[in-house]
Amino acid sequence: MTQQSGYNTPGFWTFIIVLLGNLVFFMYLSFLHPGVKEHSLHLPANTQAK
């Protein structure tokens, strides 16, 4: 006889992989990504909206 487990094994591993992927992504954004440049600070002073 085989013993029945009480949880969804493929769903559990999918959850673990997605959780670890999110953690790696946010660690990359927090500590390794160089950031973005602020382009709006380099506008000429005499430019007017038309």
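Taking the residues in the range 11-50 that are under 25 Å from the mean Cα position of the chain (by Cα) and not in a helix (DSSP H, G or I) as candidates, determine which candidate is modelled with the lowest pLDDT.
The extreme case among them is Glu38.
Could you please give the count of residues in the range 18-36 that are small (Gly, Ala, Ser) and surrounded by 10 or more Cβ atoms within 10 Å (Cβ to Cβ)?
1
The values are calculated or read from the model by the stated rules, or taken from the named source; none is laboratory data. Nothing here was measured: the structure is a model prediction, and the numbers come from that model. Glycine also receives a Cβ, built like all others from the backbone with ideal geometry; neighbour counts cover every protein chain displayed.
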